[in-house]
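Down below is the structure, laid out as structure tokens.
Bear in mind that the values in this text are calculations on the coordinates, not laboratory data. Keep in mind it's a predicted model, so treat the numbers as computed, not measured. Every residue, glycine as well, gets a Cβ built from its backbone with ideal geometry; the counts of neighbours run over all protein chains shown.
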Ligand SMILES: [Zn+2]
């Protein structure tokens, strides 16, 4: 269950899904770390006709 939280790439804060608010802009999906303000990339791995399924890419 190592994917139960998201982690800020900048400050290593571990964030519950409820804590963060995914946003989309011209550069794509991301969330802003509430601890340090770093922009963390997200990708949607859900099917086009299915529910959105957000994951944090490894790199
Ligand atoms: Zn952070």
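With neighbours defined as other Cβ atoms within 10 Å of a residue's Cβ, the residues 31, 17 order from fewest to most as 17, 31. Among 32, 52, the order by Cβ neighbours within 10 angstrom, fewest to most, reads 52, 32. A full extension of the chain between residue 32 and residue 16 corresponds to an added length of 4.5 nm, given 0.36 nm per residue minus the alpha carbon distance. Going from the residue with the fewest nearby Cβ atoms within 10 Å to the one with the most, 18, 53 rank 18, 53. Sorted from longest to shortest, the spans of the Cα atoms of the chain along the three principal axes equal 34, 31, 22 Å.
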